[in-house]
């Protein structure tokens, strides 16, 4: 399964990069979201993935023993997911503003540094 | 986006979802859940309400502007961070009340921190969504 | 001593901050600063004259060998007196000259900054400290030259002088580092005590080359002289202060200061003689056909600096005495000539000597100072200029670099005589021509011009001092010249300056110079035609060559910028990604092959296969769809499938969060979607193929890196820490949540702050902007 996830990360990154290189701002945004997802899985994978044993301490024990999923990448990813929502929201609003101002979705139209956007 | 069915459903869904979000928040320390998820579920509840009744009505229901939630949440989290100083511990030390309290479970500064996170998430998400929805129409 | 340096820096801040409070007319009080410093150093005269050297040191960056150590010896004292003494006059004059200027407060800030930097420069006892002050003088003079920043010429000149002197500064720093490294100390006093320990060192030629490049750029020696005439765009008090009396002499000061450390070798004196000799003649010839008063003065200043370099190159004791005397004489008469020019410019609005004339009757007091200064510059017996001119000839005659009565020796003498004749003419042109004869019909002279005493007194005093010192040469001889020469020559000196040396070759040369200069003065009539004729020859001048080199650099950087920074976002992204790919491929290739430990891998189930297939299908849909809604839905499907992967691999918290966030993201998109534009599609197959290759390449590289990381031995230390202490220390059983709210609570705190900022950002971006701008 790890190998499948490795390939999946590659696909997510490739798609993300391809979208970022488009001229459309909406595609740019979606591309960034995909890159974020790919990175999340990357971090997840690096913590050694384990099936069916979440990092939760059982009823009558005080310490996690045996095999369990690594909690550290999970905490990292959880943070990343929430932050990426903030980022997406902000980017969408920026996009919205730019569109309202320029009446265009074309990134090339942004190539007017003197204008007050 | 408002249909009778949705409105009726939301009438029941809103309290249930809010209860569920608080449930997630409180159990977060021992089982999957926590301030982030709880806050997000609560936000979804209010977003559903705004779908059914319109954003203005949801804002009325909330009584306070979501921006205030952000401020309140940040304040609560920051307070719970610094309260241990009063007892002479470094900031962010988790302090717990020894007795278990029914329903809530054990009470400690980490719980208040999580509640702060919950409120900030609700405030920020609703603020973003409602601002956008109000200005899109 | 340190106080005198810091005083100016501290006071320099005041005018800038108190401009609302302080009335402009109070600015004249700033002249108190140089006065105090001048008086302080006057009181040091007896001690220094008796041969002692004052030192003061405060730790600054001891670990780097940089200390605030100051050293006051004869040479420093001479310069501090010049800087502060002429400074008093300049401050008073500048106030009157610029009092109607909008930014006069700013001007005084720069001027104070410059004065303090200059004082620090001549007092430094540490090479690196000296360098810092050296650069500070360049910097403050940049602001002073570009003071009239509305004028393009002014800005350009400021830039040229700054780049030229700044470039020299780099060379100087290199020389200092070499010197300090070889000697093992950056302390100037220690270096002077060591003497020249470098002359056998293989780096000696390199040190001298770097050092002299630094000194020559600052002192406007050929071929770096061109910035000085350009710097005349500065207000006239600045030209008088920086570009005749003080800053340009910093290079001379430096050469003199390092003579005991680096000098005494042909490798040292030869470049000084050649460059100084060439500069003095070249510049004086250049000054003779100019019509702009300030241009004439600028070129004659360059020539005078050439003379000084030449004298230091002569390298005998008489040479040093002559140099010191000429520094004093030149500072006095050139500053007053500049100040007079400033008065003419201010009152008549022109500096063109082909139209000026007959001002002697209109402004007699100014004319008097000008004539005195011109006579001192010509070396009329009785002026200090005469004494210094005598010494110049004496030094040239006594130079030891060529055999006496050889061709080379006569060549040097001829060079000195020609230059001095030229300087006589230039002095007369600037100091006498505007005041005699009849004015051209092109300008209308008012019959009476009122001149404030603040304008005419400073040049008057400076010119008078020239004659007082000339009549009573024993006054400066023992107190100022002797100690200064001692600190260059490292031996007890008695210069014995005197008005009358008896009949000699030197006197004959002086008189010939004066006579020839006066005669030629009446023959030379500068006119615009002549100036334009000579201007044709300027094509091959160093300035144009430097300008050409800068142009090449400009074009080059322009083309690079246009290629790299073309304003297209995707072009930037493309370049960055391509570069990253090349870098990663190189590193991966360096790192060797990848091994996969198949025994460690977990098995794959049918649910997972289905999930992955859905995910890939969603991605394909995203790439191919032409509708925004489909694309957004496809993205959220990707999110949900990832959520499923989290569920499979024991991350319930992540799964829940990802699920809620995806839902909310869809809502977000739906809210704004109909406000967003439809997809653009630019059907350019070539770019698509190119981008696909880049994108797939990046994906492959990321996969390879992931494999590479996975083959690293996994350390479970951190993981075990949290597993062991989550409940025992933090009383929580959900380890992920415990990390978030307890162990790494500070990070979570910042995270919610970031989220709040995003929320507020959205709010302000939409609500506040709409209110203000879109109503219009």
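Here are the numbers for this structure:
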item	result
Shielding score for B:80-87, defined as the mean number of other chain Cβ atoms within 10 Å	1
Cβ crowding within 10 Å averaged over residues, with C:460-473, A:13-26 ranked highest first	A:13-26, C:460-473
Convex hull volume of segment A:1-43 per residue (C-alpha atoms, cubic angstrom)	41 Å³
Inter-chain Cβ neighbour average for residues C:562-569, partner chain, 10 Å	3
Segment C:602-681 pair-distance distribution - Cα-Cα, 5 Å bins, rounded %	3, 15, 21, 21, 18, 11, 6, 3, 1, 0
Taking all pairs of distinct alpha-carbon atoms in chain C, Kirkwood radius in angstrom	31.7 Å
Cβ neighbours within 10 Å from other chains - mean over C:691-703	6
Distance histogram for segment B:4-136 (every C-alpha pair counted, 10 angstrom bins, percent rounded to whole numbers)	13, 37, 31, 15, 5, 0
Sorted peptide list for C:523-534, C:609-620, criterion being average Cβ within 10 angstrom, highest first	C:609-620, C:523-534
Computed over chain B: relative contact order in percent, which uses C-alpha pairs under 8 Å that are six or more apart	29 percent
Residues C:573, C:341, C:318, sorted so that the one with the fewest Cβ neighbours within 10 Å comes first	C:573, C:318, C:341
Binned Cα-Cα distances of the protein assembly as shown, short to long, each 20 Å bin given as a whole percent	11, 29, 20, 23, 14, 2, 0
D_trans [Stokes-Einstein, Kirkwood Rh over alpha-carbon pairs] for segment C:298-456, 20 °C, 1.002 mPa s, µm² s⁻¹	128 µm²/s
Using a Förster distance of 22 Å, the FRET efficiency for residue C:532-residue C:148 (Cβ separation, nearest 0.05)	0.30
Chain C: relative contact order as a whole-number percent, Cα under 8 Å and 6+ apart	10 percent
Average silhouette area of segment C:243-350, convex hull of alpha-carbon atoms, in square nanometres	6.6 nm²
Of B:108, B:34, B:123, the one that fluctuates the most in a GNM where chain B has Cα springs shorter than 10 Å	B:108
Value of D in µm² per second that Stokes-Einstein yields for segment C:299-343, Kirkwood Rh from Cα pairs, at 20 °C (1.002 mPa s)	194 µm²/s
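Since every read-out is calculated from the coordinates, none of them should be taken as a lab result. Because the structure is a prediction, the values reported are computed rather than measured. Note: ideal-geometry Cβ built from the backbone for every residue, glycine included; neighbour counts use all protein chains shown.
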